[in-house]
Amino acid sequence: FPETRFAVPALSFSPDASRLAAGSFHRRVELGGKTTGESVHQLPHSGRVVLAVAYSPDGRLIVSTGEDKTVHVWEAKSGREVLNLRGHALPCGCVAFSPDGLRLASASLDGTIRVWDATPLQDHERQESSTLRELGGEIWSLAVHPKDQKIALAGMGNPAKVWDVET
C-alpha cells in the first residue's frame, strides 16, 4: 500500500491471503496485493471515515462501513458496489459475514446490531434486515460464531454479550 498520513483502523485478509483490504481515515477502502503492496482497487466512502472492513468467506465480496452509517458490499474482483445497506442511526464500527457468506452483521454506536441478507439484489428488490435492540450502549466490536446462529458483541462500559440470532 502507498504510504499514508491517515490512520488505518480496519484491515482484512482475503480467505486465500492473496489480498489485503485496508479501511482508512482517507475515506476509502484500499485493496492491495499482500506481497507486492500494489493497489488493486480504491473503494470510496462518501467523504467519510471507514471504520470496519471484512471479506466474505469465499473471498468474492468485501463489506465496509464507517461514519457514513451505511454498510457497503463490494465485488472483490471488480471493485463494483453491489449493495448499499442503510438503517443505522449512528456510525458503524464493525461488520462480519456469517460462515456461509449469506448474511452479514453490522453494529453501530446507536446500540443496535443489524443482520442483513448479503445476496446482491436486482433493481426491483428490497433488502431486509433483522435488528437486535436494547443492547445497553455503544457497540464497538462483534463476532459471528462459525457454526451456531450466535453473535458476540462488546462495547463501551458493558461486558461482552452473546445473542442468539433466532430468538
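The values are calculated or read from the model by the stated rules, or taken from the named source; none is laboratory data. Only a predicted model underlies this, so the values are computations on that prediction, with no experimental measurement involved. As a convention, Cβ positions derive from the backbone with ideal geometry for all residues, glycine included, and neighbour counts pool all protein chains shown. Note: areas computed on protein heavy atoms with side chains; ligands, DNA, RNA excluded. Shrake-Rupley method; radii C 1.70, N 1.55, O 1.52, S 1.80 Å.
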Pairs needed: first member in region 55-67, acidic (Asp, Glu); second member anywhere, open to solvent by 60 Å² or more (accessible area, probe 1.4 Å); C-beta distance under 7 Å; at least 6 residues apart or different chains.
Asp58/Pro15; Glu67/Arg48
Subset of region 90-132 [among the charged types (D, E, K, R) and either more than 12 Å from the chain's Cα centre (by Cα) or modelled with pLDDT under 85 (or both)]
Asp100, Asp110, Asp117, Asp123, Glu125, Arg126, Glu128
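One line per residue, one yes/no per condition, for (1) open to solvent by 50 Å² or more (accessible area, probe 1.4 Å); (2) of a type in the set (S, T, N, Q); (3) out of contact with any Gly (no Cβ under 9 Å at 6 or more places or on another chain); (4) at pLDDT 70 or above:
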{"position": "Glu134", "(1), (2), (3), (4)": "yes, no, no, no"}
{"position": "Ile139", "(1), (2), (3), (4)": "no, no, no, yes"}
{"position": "Lys161", "(1), (2), (3), (4)": "yes, no, no, yes"}
{"position": "Asp164", "(1), (2), (3), (4)": "yes, no, yes, yes"}
Here is a check on your reading of the model: is Ala105 of a type in the set (Gly, Ala, Ser) and surrounded by fewer than 20 Cβ atoms within 10 Å (Cβ to Cβ)?
no
So which residues in region 36-76 are β-branched (Val, Ile, Thr) and open to solvent by less than 10 Å² (accessible area, probe 1.4 Å), if there are any at all?
Val50, Ile62, Val63, Thr65, Thr70, Val71, Val73
Being over 21 Å from Pro44 (Cβ atoms), in a loop (DSSP other than H, G, I, E, B) and at pLDDT 85 or above, is that true of even one residue in region 75-89?
yes
Reported set for region 40-51 where residues are in a strand (DSSP E or B), modelled with pLDDT under 80 and closer than 17 Å to Ala7 by Cα is Pro44
Selection from region 144-159 of residues within 14 Å of Thr112 (Cα to Cα) and hydrophobic (A, V, I, L, M, F, W, C) yields Ile151, Ala152, Leu153, Ala154, Met156
